[in-house]
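The values are calculated or read from the model by the stated rules, or taken from the named source; none is laboratory data. Only a predicted model underlies this, so the values are computations on that prediction, with no experimental measurement involved. Heads up, the Cβs are rebuilt from the backbone with ideal geometry, glycines too, and the neighbour counts pull from every protein chain shown. Keep in mind that these areas ignore ligands, DNA and RNA; they rest on the heavy atoms of the full protein, side chains included. Shrake-Rupley method; radii C 1.70, N 1.55, O 1.52, S 1.80 Å.
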Amino acid sequence: MRRFFTAVLLMLACIKPWAAGADAAPAGPVQKLDLNRYVGTWYEIANFPRFFLPQCVADTVSDYTANRNGTVTIDNRCRTRDGRITETRGTATLQKGSGYARMRVTFMWPFSADYVVVGLDPDYRWTVIGSVNRKSLWILSRTPRLPKAELEQALSIASAQGFPMQNLRYTAQD
């Protein structure tokens, strides 16, 4: 019986992981990000739904504010199914040497996650942020709606970075 379990464990160890991008390198950041241009209000255009996110159905907005200590405060708000507005506040700690494009974000201590800015419009009109393991993704815009050509560019960047685009859900902005 022990040999059987050992054989099963060896077989499982040799099987390629099923998770999308599990064997790929972590998602890579944009070369440099001008934090002064990046802070401000961002409207969520699309995301990958995640269990830890509030049950937002529309009007999701994030406000990024630079702090004197080098962190960034992220204030998120959205409308839930029952019409209520819910808000959460988190802190992003920018990783040194990343040109501000990598950050560790905490919304509820002690839980945090590593995120990376994988796409950014040269004029800072839209951005693509994802987790390094590609399980989370957000497409954000300075306006509630993103022109089709710009959305396609953001989607193309996320896809080229190996994000499983079949998980994408669009956010209603009223």
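Could you work out how much longer the chain between Arg37 and Tyr170 gets when fully extended? Use 0.36 nm per residue separation minus the Cα distance between them, nm to one decimal.
Details: separation 133, 0.36 × 133 = 47.88 nm, distance 2.50 nm.
My answer for the length gained is 45.4 nm.
Would you mind estimating how fast region 46-174 diffuses translationally, via Stokes-Einstein at 37 °C and 0.692 mPa s with the Kirkwood radius over Cα pairs, in µm²/s? The partial results should precede the final answer.
Details: Rh = 15.3 Å.
Once the numbers are plugged in, D ends up at 215 µm²/s.
Could you check how much of the accessible area of region 75-167 is carbon and sulfur, as a whole percent, using a 1.4 Å probe? Write out the running numbers ahead of the final one.
Details: 2670 of 5140 Å².
The C+S portion of the solvent-accessible surface of region 75-167 is 52 percent.
Hey, for a label at Glu152 modelled as a point 7 Å past Cα toward Cβ, could you say which residues of region 118-133 have their backbone N under 11 Å away?
Those under the cut-off are none; the list is empty.
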